[in-house]
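Nothing in this text is a laboratory measurement; each read-out follows from the coordinates by a stated rule. Since the model is a prediction, treat every value here as computed from it, not as a measurement. Cβ coordinates were reconstructed from backbone atoms using ideal geometry, including for glycine residues, and neighbour counts include every protein chain displayed.
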Amino acid sequence: MPTSFLFKQAQEFIQQYFLEFNLTGLERRLDEVKSEILHTGTYRLTEEELGFGAKLAWRNSNRCMGRLFWKSLKVRDLRTLTTSAEVFADALEHLESATQGGKIRSTLSVYATEHEGDRGFRILNKQLVRFAGYTLPNGKILGDPDSLAFTRYCMSLGWEGKKTAFDLLPLVIQRQGEPASWFAIPEEKVFRVALSHPEYPWFKDLGLQWYAVPVISDMRLEIGGISFPCAPFNGWYMLTEIAARNLGDVQRYNLLPVLAKKLNLNTRQVKTLWKDKALLVLQEAVLYSFQLQGVTLVDHHTAAEQFLEFCKQEESKGRVVQADWTWIVPPAASSTLGVFHQEWDNQILSPNFHYQSAPWNGEEEAKVSTFSAGKCPFSDN
Ligand code: ARG
């Protein structure tokens, strides 16, 4: 990146930092950054700048509905760790302190990026905790179909799973210029929520579960022109992510037909609305089970209200909310939610989180959204 462009990005961010915190000494800091860029080709964010930048990246995440809480993000600066084993040990600490026994704390950890001889890290998993997926000899799939390719990759590294529907994948960490290493996550570090239903005793016998904390680990954090390819972050789950998508999607655990059978619904015709009914039962079960086990989770109605509150707060500060409607509107009960009846601009601001190519997958291009910004999600117009 040309250094003048980097300085421009640095300047924009640092100005915003000084402005939002009402700090003095902006000119001095800008001079410092300018000369650091001239001498080294890059610059180092202070711990405070990093902390604020990470919060802004969350505030600017157009697809995130949970942004009301952006200020409460706990930012852990671990840029000095130098081995994959250290990053692994620390990722477990992230998991534990973010889980807090169920009282989930939004947390982000930043590990080394390429900087003056330092080598950066990548965590190759999509999330710190995720379930494996296997194609069985009979062609059926066991576990999470979305993990098939990554599970095969882990096995090619020498990892072996237990072959259950909810096997924890190992954490695969790569230091720049070194081969990737895998580390098994100790069972006791992962809070699993066993699913049961308040009215249907047979539900718990299905043996379903989900993990408590989604920690996205494959996105690149960008602050003031500096990229952090290893910066895992978590919030808490919204009900529909687990109940509607992870467990309900046909291409994921595909549980609606299983539930419909248990509920004696007529599945021969879609117009009996058996999917709608089964989906509701699944949602009741996930909500009930998380509550029962004291794990933070927000339902989509509350989350939508909180998002609209976020919009109100932002507008009161004179900022224009950027949001991706196709991601903000939840996949269940959409029209009953205030967010369904709103529109937003969808510009990508900086700092932000970005997709990056998966080095294990030979994917050259970062993924792009199916829907381009500002367009109607249901047609090409
Ligand atoms: N949708 C992803 C999943 O189901 C998690 C994405 C992040 N979600 C969150 N609530 N912070 O695992």
For the Cα atoms of the chain, what angle does the longest principal axis make with the long axis of helix 300-316, in degrees from 0 to 90, nearest 10?
20 degrees
Measure nothing but the geometry: give the 0 to 90° angle between the long axis through the Cα atoms of 84-99 and the longest principal axis through the Cα atoms of the chain, rounded to 10°.
60 degrees
Rounded if a/c under 1.5, otherwise prolate or oblate - region 102-149, Cα gyration tensor axes:
oblate
Taking Cα centroids, how far is region 57-73 from region 96-167 in Å?
23 Å
Anisotropy class of region 203-351 from Cα gyration tensor, a/c 1.5 cut:
prolate
Given Cβ point charges of +1 (Lys, Arg) and -1 (Asp, Glu) and nothing else, what value in debye, to the nearest 20, does the dipole of region 177-278 about its Cα centre take?
660 debye
Extending each Cα 7 Å along its Cβ direction at Leu206 and Gln356, get the distance between those two points in nm, one decimal.
3.8 nm
What does the charge count near His94 come to, summing +1 for each Lys or Arg and -1 for each Asp or Glu among other residues with Cβ under 13 Å from its Cβ?
-1
Given only helices, namely DSSP H runs of n ≥ 4 each adding -39500 (n - 2.57), what is the per-residue ellipticity at 222 nm of the chain, to the nearest 500 deg cm²/dmol?
-10000 deg cm²/dmol
Excluding residues fewer than 8 places away in the same chain, name every one of the lysines whose C-alpha is closer than 27 Å to that of Lys312.
Lys55, Lys71, Lys74, Lys103, Lys375
Classify region 1-118 as rounded, prolate or oblate from the Cα gyration tensor: take a ≥ b ≥ c as the square roots of its eigenvalues, call it rounded if a/c is under 1.5, otherwise prolate when a/b beats b/c and oblate if not.
oblate
For helix 26-40, what angle does its Cα long axis make with the longest principal axis of the chain, in degrees from 0 to 90 and rounded to 10?
90 degrees
Three principal axis lengths of the chain [C-alpha, angstrom, descending]:
71, 51, 42
Among the lysines, which fall within straight-line cross-link reach of Lys34, defined as a Cα-Cα distance under 22 Å, with same-chain neighbours fewer than 8 residues apart omitted?
Lys8
Run the numbers for His115 and Glu188: contour at 0.36 nm per residue of separation, minus the present Cα-Cα distance, in nm.
22.8 nm
Cut-off under 18 Å on the C-alpha distance; same-chain residues fewer than 8 positions from Lys275 excluded. Which lysines are left, in chain and number order?
Lys261, Lys262
Mind sorting Asp345, Asp77 by how few other Cβ atoms lie within 10 Å of their own Cβ, fewest first?
Asp345, Asp77
Looking at Gln127, Thr83, Ser72, which one has the Cα that reaches farthest to the positive end of the dipole of region 62-174 (charges on Cβ: Lys, Arg +1; Asp, Glu -1)?
Ser72
Among Phe150, Phe121, Phe18: highest mean-square fluctuation, GNM of the chain, C-alpha pairs under 10 Å:
Phe18
What does the charge count near Lys103 come to, summing +1 for each Lys or Arg and -1 for each Asp or Glu among other residues with Cβ under 15 Å from its Cβ?
+1
Hey, in the GNM for the chain with a 10 angstrom Cα cutoff, which one of Val258, Val295, Val193 fluctuates hardest?
Val258
Projected onto the charge dipole of region 119-228 (unit charges on the beta-carbon of Lys, Arg, Asp and Glu, signs +1, +1, -1, -1), the Cα from Leu195, Gln209, Pro145 with the largest positive-side position is that of Pro145
Gaussian network model of the chain, springs between alpha carbon atoms under 10 Å - residue of Gln269, Gln283, Gln342 with greatest fluctuation:
Gln269
